[in-house]
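Below is one structure; the comments refer to it alone.
Derivation of every value follows stated rules applied to the coordinates shown; laboratory data play no part. Just so it is clear, the model here is predicted, and its values are computed rather than measured. In this analysis, Cβ positions are derived from the backbone assuming ideal geometry, glycine residues included, and neighbour counts consider all displayed protein chains.
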Amino acid sequence: MFENKNVQMAVGVGVALLLVAGLVFALATPEEEPVPRSGYQTNVYTEQGGDKLVVASGGEIEVQSGATMDVQSGATVGLAGGTINGNQTITGNLTVNGTASWGCSDTTIENDLTISDTLTANAGVFTDTVDVSGAATLNSTLDVDGATTLNSTLDVDGNISSGTGAVTVTDSVNITGAVDCDSTLNVDGAVTVDSLVVDNGSITLENSETISNSTDGDVFVNGELLYRTNVISQSADYTVQAADSGSLIITTGAGEATTHTLPTAAAGLSYCWYVGEAYSLTLDAAAGDTILHLTDGAGQRAQNATEGDSVCLYGQTSLWIPMHEVGTWEDIN
């Protein structure tokens, strides 16, 4: 009798344990299994299906020396702002929505490069189009086969070369090397280069900007050199500034005789005058300077009162050389 009771108790305990184990398992098991990030707990992982590589905070992708990161045509590399170090070859487009910078090695971009802010690079070869909304600073050579558009200053420590596309800069160009442009160079600001060669295109300067040469090298233009002459309208007495060099000064609107005082004569300075009204315009040379042919001595003045007459003066040390003279300019001492 006691044996039957013991057997019954053992069976009851076993059934109870099975029920408890089943309840625990049911509570511990969710309806759907969680999707692990990957086989390892890491900050770099692929999403389920393997179609997306995710680099979480603290993770890093490193392309080491000798390795290649190849972004082919049709693919997109998007950077919200970052740094690229090492050799890079991108056969598709590179679009950076922030600031782009890269380090000491060469970067080759075979299609378009679009940067919404600032470009800073130690070396780069761009075989198609470069479009930078901010400033561009390159510590080596800029080599572009396509068009280059920069909406701020372009600073290049090396050379700039453009094979087929135009180079457009809406501010200034400062280059310590040479510019070799097979197409067109459009600059709204000043151009400062060691040497400038434009083979088939043209150079266009807006406003009163200039091309200057930092090392007394050469500027070669096999196509057209286009520039806009700065026009100064003066209806009263005026002291001409060295910064006005290259300008056309007109006296339209003058209601009386006016005198324009010249700066000290120096090589490279040049000015043109147009008598816009039938009132005398007097050109007054600085003491020690002579207006050749129009006056007979240093510090003397030349005058014209005939509307429509004009003259251009080109500076040398202590001399003003007249050219393109229209009408009679009198020496009034």
Under the Karplus relation 6.51 cos²θ - 1.76 cosθ + 1.60, θ = phi - 60°, what is the ordered set of whole-Hz ³J(HN,Hα) values for region 299-312, x standing for Gly and Pro? x, 8, 10, 10, 9, 8, 10, 9, 4, x, 7, 7, 6, 10
Scalar couplings 3J(HN,Hα) for region 279-284 by Karplus 6.51 cos²θ - 1.76 cosθ + 1.60 (θ = phi - 60°), nearest whole Hz, x for Gly and Pro, are 10, 5, 10, 10, 9, 10
Please list, ordered by chain and number, the residues whose modelled amide H lies under 5 Å from the amide H of Tyr274; skip anything fewer than 5 residues away on the same chain. Ile249, Ile250, Thr251
Where Lys and Arg each count +1 and Asp and Glu each count -1, what net charge lies around Tyr279 among other residues with Cβ under 11 Å from its Cβ? -3
In region 231-331, what % of DSSP beta bridges are antiparallel (nearest 5)? 55 percent
Compute the Cα gyration tensor for region 231-331, then decide on rounded, prolate or oblate, letting a ≥ b ≥ c be the square roots of its eigenvalues: rounded whenever a/c is under 1.5, prolate when a/b is larger than b/c in the other cases, and oblate in all that remain. prolate
Given backbone amide H placed at 1.01 Å from N, residues whose amide H is under 5 Å from that of Leu269, ignoring those fewer than 5 places away on the same chain, are Gly315
Per-residue ³J(HN,Hα) for region 49-59, Karplus 6.51 cos²θ - 1.76 cosθ + 1.60, θ = phi - 60°, Hz, x for Gly and Pro: x, x, 8, 9, 9, 10, 10, 7, 4, x, x
Ranking Gln234, Gly288, Gly268 by how far each Cα lies towards the positive end of the charge dipole of region 231-331 (+1 on Lys and Arg Cβ, -1 on Asp and Glu Cβ), the top one is Gly268
If amide hydrogens are placed 1.01 Å from N in the peptide plane, which non-local residues have theirs closer than 5 Å to the one on Thr168? Thr148, Thr149, Leu150, Asn186
Which of Val54, Val130 has the fewest Cβ neighbours within 10 Å, and the rest in rising order: Val54, Val130
Count the net charge of all other residues whose Cβ sits under 10 Å from the Cβ of Gln300, scoring Lys and Arg as +1 and Asp and Glu as -1. -3
Could you tally the net charge around Ala266, taking each other residue with its Cβ under 15 Å from the Cβ of Ala266, Lys/Arg +1 and Asp/Glu -1? -2
